[in-house]
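Here is the structure we will look at.
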Amino acid sequence: MIQRIQSLFLLGVVVVMVSFCFTKIWVKVNEHTDDEIIFTPVSLTYISASKEANQLANINVNETSTVYIVILSGMISLLSILSLFSFKKRVRQMKYGFLNAVFLVILLLLLYFHISEADKILPHPTYGEYKLGFFLPIIALLFNFLANFFIKRDEDAVRSANRIR
């Protein structure tokens with residue numbers, strides 16, 4: 001099971017998606033007003049600080065829950081584990097891989113949507129900074145495609161061996 005390369009790629013998807021749950025995705029800071037937006041898989045936090053005489057007078061925190069992103073990444077991890085342990089049924093593994101790719105694309109679209117909505121909150125002279133959490137689902141998608149490629153290659157080899165008999 002683990003000696004196959006696709007098993008290592010599926011295990012890589014699990015590791016990447018679990019680490020995704022504990023990283024920042026995007027941060028935007030306005031140096032002039034000390035406003036800050038932090039986007040993590042758990043929440044989208046807007047911190048607004050008002051100054052009076054160069055001292056902080058009031059700090060407002062507006063937090064929006066994005067727990068469904070963590071739930072989606074958990075589903076992706078569980079589906080990869082399920083695919084990892086169904087190594088005797090390669091056709092089923094390919095179906096799980098396709099479903100996993102769909103979930104990863106949905107996750108990337110959700111990230112893009114939240115970042116574009118959060119970018120509208122602060123004025124445009126400042127730009128947001130993409131953190132490691134934004135790139136981890138892209139790496140997981142790459143691992144998933146590589147695992148599907150090698151699963152399909154194994155299935156093709158088994159089918160060609162059956163034709164020879």
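Of everything in region 76-100, what is over 10 Å from Val13 (Cβ atoms) and among the small types (Gly, Ala, Ser)? Give them in sequence order. Write out each step before concluding.
Just the residues of region 76-100 that are over 10 Å from Val13 (Cβ atoms), to begin with: 78, 82, 85-96, 98-99.
Hit for region 76-100 is Ser86, nothing else.
Answer yes or no as to whether Gly133 is surrounded by 11 or more Cβ atoms within 10 Å (Cβ to Cβ), touching a helix residue (DSSP H, G or I) at 6+ places or on another chain (Cβ under 8 Å) and more than 29 Å from Gln93 (Cα to Cα). In short, no.
Please indicate, with yes or no, whether at least one residue in region 139-152 is within 27 Å of Leu44 (Cα to Cα), out of contact with any Phe, Trp or Tyr (no Cβ under 8 Å at 6 or more places or on another chain) and touching a residue at least 12 places away in the same chain (Cβ under 8 Å). Break it down into steps so the answer makes sense when it comes.
The first filter runs over region 139-152 and keeps only residues within 27 Å of Leu44 (Cα to Cα), leaving 139-142.
Keeping just the survivors that are out of contact with any Phe, Trp or Tyr (no Cβ under 8 Å at 6 or more places or on another chain) gives 139, 141-142.
Still in the running and touching a residue at least 12 places away in the same chain (Cβ under 8 Å): 139, 141.
Within region 139-152, one or more residues are within 27 Å of Leu44 (Cα to Cα), out of contact with any Phe, Trp or Tyr (no Cβ under 8 Å at 6 or more places or on another chain) and touching a residue at least 12 places away in the same chain (Cβ under 8 Å).
The residue list Ser80, Ser86, Ser116 contains one member that is touching a helix residue (DSSP H, G or I) at 6+ places or on another chain (Cβ under 9 Å), without any contact (Cβ under 8 Å) to a residue 24 or more places away in the chain and of a type in the set (Gly, Ala, Ser), which is Ser86.
Taking first residues from region 20-31 that are hydroxyl-bearing (Ser, Thr, Tyr) and partners that are buried (at least 19 other Cβ atoms within 10 Å of the Cβ), the Cβ contacts under 9 Å between residues at least 6 apart in sequence or on separate chains come to Thr23/Thr40; Thr23/Pro41; Thr23/Gly133; Thr23/Phe134; Thr23/Leu136. Here Ala118 clears all of (1) closer than 27 Å to Leu10 by Cα; (2) touching a strand residue (DSSP E or B) at 6+ places or on another chain (Cβ under 9 Å) except the condition numbered (1).
Please go through region 1-32 and give me each residue that is among the polar types (S, T, N, Q), within 13 Å of Lys131 (Cβ to Cβ) and in a helix (DSSP H, G or I), ordered by number. If the condition is that a residue be among the polar types (S, T, N, Q), within 13 Å of Lys131 (Cβ to Cβ) and in a helix (DSSP H, G or I), then Ser19 is the only one that fits.
Against the criterion of being within 21 Å of Asn144 (Cα to Cα) and not in a helix (DSSP H, G or I), Lys88 qualifies.
Of all residues in region 104-130, those satisfying the criterion of being crowded, with 18+ Cβ neighbours inside 10 Å and in a helix (DSSP H, G or I) are Leu104, Leu107, Leu111, Ile115, Ala118. Is there a residue being outside any strand (DSSP E or B) and surrounded by fewer than 12 Cβ atoms within 10 Å (Cβ to Cβ) anywhere in region 72-80? Checked against the condition, which is being outside any strand (DSSP E or B) and surrounded by fewer than 12 Cβ atoms within 10 Å (Cβ to Cβ), region 72-80 yields no hits at all.
Here, each number is a calculation from the coordinates, and none is a lab measurement. What you see is a predicted model; the values in this text were computed from it and never measured. Note: ideal-geometry Cβ built from the backbone for every residue, glycine included; neighbour counts use all protein chains shown.
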